[in-house]
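Heads up, the thing below is written out as structure tokens.
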Amino acid sequence: MPDNNQPHRPTPLIESRVCIDDDFGPFDAKLDPTDRLGYLNPFFSLETVRELAVLTQRMFIQYGRDGETIHVIPILHVVDSRTDREEEPRPVVIHIRWPHLDEDVASAVSIIQPNDDGLYRIGDGLWAWAFVTWSCPCSSDTPWHVTRCQNCGALRHEAASADTADDRPLGDPGSH
């Protein structure tokens with residue numbers, strides 16, 4: 001199966017936060033905000049992928065084979081000598097699209113390879129990822145990665161309200 005996790009990127013990836021409705025997120029992510037006809041294709045750290053795996057498997061138990069699951073399988077040095085940049089064994093990340101499993105196994109199961117930065121693209125343009133927004137006192141909702149309100153100029157860390165995602169800097173423990 002070809003690695004579609006390394007597309008040519010004319011613009012650099014930005015750091016932001018993404019979610020899918022109230023079910024998933026917010027999660028720290030890197031992404032190209034201009035990617036795929038308006039669909040977000042976020043890249044996540046392995047830690048976040050593990051959280052997504054737990055969430056998708058929990059939904060699978062609750063709703064059955066109508067959804068998709070992510071699985072993170074640890075690989076031992078004895079079995080596989082591939083390592084990441086820190087020389088730790090690199091796990092295998094698997095995406096299963098359960099409704100397609102009986103029709104076409106090749107399209108129902110895929111291995112998600114990390115990109116050059118060790119990040120994993122989850123959803124591949126098919127999941128409804130959206131930017132987490134912060135609310136400004138001027139009633140404007142602004143994508144998380146934009147730190148100044150485009151309407152009134154207020155700064156996110158000064159204006160973010162309690163009913164939106166918290167205002168910890170990206171990458172802080174507990175920021176999602």
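For region 147-158, which residues satisfy the criterion of being closer than 21 Å to Gly25 by Cα and either out of contact with any helix residue (DSSP H, G or I) (no Cβ under 8 Å at 6 or more places or on another chain) or at pLDDT 80 or above (or both)? First the steps, then the outcome.
Taking region 147-158 as the starting set, the residues that turn out to be closer than 21 Å to Gly25 by Cα are 147, 156-157.
Hits for region 147-158 are Arg156, His157.
Which numbered condition in (1) modelled with pLDDT under 90; (2) surrounded by fewer than 18 Cβ atoms within 10 Å (Cβ to Cβ); (3) within 25 Å of Val132 (Cβ to Cβ) is the only one that Arg58 fails?
In the conditions (1) modelled with pLDDT under 90; (2) surrounded by fewer than 18 Cβ atoms within 10 Å (Cβ to Cβ); (3) within 25 Å of Val132 (Cβ to Cβ), Arg58 misses (1) alone.
Checking Val78 against (1) at pLDDT 90 or above; (2) of a type in the set (A, V, I, L, M); (3) surrounded by fewer than 13 Cβ atoms within 10 Å (Cβ to Cβ), only one condition comes out false. Which one?
Single failed check for Val78: (1).
Go through region 97-121 and count every residue that is in contact with a helix residue (DSSP H, G or I) (Cβ under 6 Å, 6 or more places away or on another chain), over 20 Å from Pro12 (Cβ atoms) and at pLDDT 85 or above.
Taking region 97-121 as the starting set, the residues that turn out to be in contact with a helix residue (DSSP H, G or I) (Cβ under 6 Å, 6 or more places away or on another chain) are 97, 100-101, 107-108, 120.
Right, trim to over 20 Å from Pro12 (Cβ atoms) and you get 97, 100-101, 107-108.
Right, trim to at pLDDT 85 or above and you get 97, 108.
The qualifying residues number 2.
Are any residues in region 126-146 surrounded by 14 or more Cβ atoms within 10 Å (Cβ to Cβ) and outside any strand (DSSP E or B), and if so, which ones?
Trp127, Trp129, Val132, Cys136, Ser140, Trp144, His145, Val146
Yes/no per residue for (1) in a loop (DSSP other than H, G, I, E, B); (2) more than 14 Å from the chain's Cα centre (by Cα):
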position: Thr34; (1), (2): yes, yes
position: Glu47; (1), (2): no, no
position: Ala53; (1), (2): no, no
position: Gln57; (1), (2): no, yes
position: Ile61; (1), (2): no, yes
position: Asp66; (1), (2): yes, yes
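Regarding region 37-44, can at least one residue be identified that is buried (at least 17 other Cβ atoms within 10 Å of the Cβ), more than 29 Å from Arg148 (Cβ to Cβ) and modelled with pLDDT of 90 or more?
Step one: filter region 37-44 for residues buried (at least 17 other Cβ atoms within 10 Å of the Cβ), giving 40-44.
Then drop every residue that is not more than 29 Å from Arg148 (Cβ to Cβ), which leaves none.
Scanning region 37-44 turns up no residue that is buried (at least 17 other Cβ atoms within 10 Å of the Cβ), more than 29 Å from Arg148 (Cβ to Cβ) and modelled with pLDDT of 90 or more.
What's the total number of residues in region 1-30 that are in contact with a helix residue (DSSP H, G or I) (Cβ under 9 Å, 6 or more places away or on another chain), surrounded by 15 or more Cβ atoms within 10 Å (Cβ to Cβ) and at pLDDT below 90?
Residues flagged as in contact with a helix residue (DSSP H, G or I) (Cβ under 9 Å, 6 or more places away or on another chain), surrounded by 15 or more Cβ atoms within 10 Å (Cβ to Cβ) and at pLDDT below 90 within region 1-30 amount to 1.
The values are calculated or read from the model by the stated rules, or taken from the named source; none is laboratory data. A quick note: this is a predicted structure, and the numbers were derived from the prediction, not measured. With ideal geometry, Cβ positions are generated from the backbone for all residues, glycine too; neighbour counts draw on all protein chains shown.
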